[in-house]
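S.K.: After the structure tokens below, expect a handful of questions from me.
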Amino acid sequence: MFTFSLLFALLILLPYGFLILSYRKWLLKLNIFTPRNPTSSFQSFSIIIPARNEDKNIGNCLSSILQNKYPSSNYEIIVIDDFSTDETASIVQRFATKHSNIRIIQLKDILHEHVNSYKKKAIEIAISKASFNWIITTDADCTAGAGWLNLFNEFIQDHNPVFIAAPVAFTHTGGFLSLFQLLDFISLQGITAASVSAGFHSMCNGANLAYKKESFFAVDGFKNLDDIASGDDMLLMNKIKKAFPGKIAYLYNPESIIYTSPMKTWKDFLNQRIRWASKATHYEDKKIFFVLLWVYFLNVFLLAILFASFFITGLIWYWIVMIVFKTFVELLFMYPAAKFFNQQKQLWWFPLMQPFHIVYTVVSGLFGSMGTYNWKGRKVH
């Protein structure tokens, strides 16, 4: 029994270690993007913000974008209100009366049927009404830095991509749950930067994306993805990557980071991660599917060993050795990722979070595969 457990552990852990160290190698190869020849020409952007009951956040989001040192004539902000029942629309309207480059679209005035993915439909409608060819998407609970748009502009001039993934980070609001989300998301963002830049597989976050409107229509937008509640980011990215090979890029610069608040409760956190996990079986990029599957089985195995150790004497030592190996390898990757987000000091807490990370990975993966979860008062699948 022990010999079998050890061999099985090695079979899972060693490839996992190789994968994580590969991510580290790719991440360390990345250089911070610095414009070589700052240009005086400006791309025009249509910034799309889907919003549902975001009256506590939308004002800060709009204010942060307006503070960008970028010509107001070269960007517009389209907020598409997803059947909000709070003051979201009235707040946006007040901004729109003061800034001619802001407008609001009411989804309730256009959409008169039930759909499974209201967010995709909202983005799709906004893109159809966008004035400019470059689309940037973010979320209503996000804030941007003053150089955000200028970095996108310079990056486009320098790299000529059709799709750009860019970094997103949680703010640390205090407490264990906030810190847990901060570190967990840093790992996801580090993998995103490494894998996209290396061309290994496609990952991104819809809170900080840019792509050409013509490329969106060239791949028929969200067609064949409409029935999937999540995936307005990664599933679209994969379609565009297949249609435009070599034209996907990652904007690696700390000033391009979009910041968002963490979930306030464990229930909301798990609902968010279940929603993210629900799109896993729909990836056409088989590399990322098998990576996720391998990581999931590793965590299931670790949880099973921990449970079995209560009944089998000595098994706990196998579990401890595996956790030490997993934590050590992940810390080698996490350090450069955390350094990019200026969060190295928080890594002291990382080993203590391993048991919680294992449990949440297994739970979110299990319920995500069932395909039903709650999002902002809606039950979707």
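The values are calculated or read from the model by the stated rules, or taken from the named source; none is laboratory data. Source: prediction; values computed, not measured. Because the Cβ atoms are built from the backbone with ideal geometry, glycine has one as well, and the counts that use them run over all protein chains shown.
S.K.: Would you confirm, using the coordinates I've provided, whether Ile136 is outside any loop (DSSP other than H, G, I, E, B), touching a Ser or Thr at 6+ places or on another chain (Cβ under 8 Å), in contact (Cβ under 8 Å) with a residue 40 or more places away in the chain and of a type in the set (A, V, I, L, M)?
M.R.: yes
S.K.: Tell me which of these Lys119 doesn't satisfy, since it passes every other one: (1) more than 26 Å from Phe222 (Cβ to Cβ); (2) among the basic types (Lys, Arg); (3) part of a helix (DSSP H, G or I).
M.R.: Answer for Lys119: the failing condition is (1).
S.K.: Go through Ser84, Ser90 for me and flag whichever is under 15 Å from Arg52 (Cα atoms), of a type in the set (Ser, Thr, Tyr) and modelled with pLDDT of 95 or more.
M.R.: The conditions single out Ser90.
S.K.: Taking Asp141 as the residue in question, decide whether it is surrounded by fewer than 20 Cβ atoms within 10 Å (Cβ to Cβ), at negative phi and more than 19 Å from the chain's Cα centre (by Cα).
M.R.: So Asp141 fails the test.
S.K.: Tally time: how many residues in region 224-251 are at pLDDT below 85 and over 27 Å from Leu62 (Cβ atoms)?
M.R.: Of the residues in that region, 5 qualify.
S.K.: Here is a further query. Are any of the residues in region 76-88 part of a loop (DSSP other than H, G, I, E, B) and surrounded by 18 or more Cβ atoms within 10 Å (Cβ to Cβ)?
M.R.: yes
S.K.: Additional query: Confirm whether Ile104 is free of Cβ contacts under 8 Å to residues at least 40 places away in the same chain, at negative phi and β-branched (Val, Ile, Thr).
M.R.: yes
S.K.: Right, next: Return yes when Lys287 is surrounded by fewer than 17 Cβ atoms within 10 Å (Cβ to Cβ), basic (Lys, Arg) and modelled with pLDDT of 90 or more and no when it is not.
M.R.: So Lys287 fails the test.
S.K.: Select, from Lys267, Lys247, the only residue that is of a type in the set (Lys, Arg), at negative phi and not assigned by TED's automatic domain parsing to the domain that holds Gln43.
M.R.: Being of a type in the set (Lys, Arg), at negative phi and not assigned by TED's automatic domain parsing to the domain that holds Gln43 holds for just one of Lys267, Lys247, which is Lys267.
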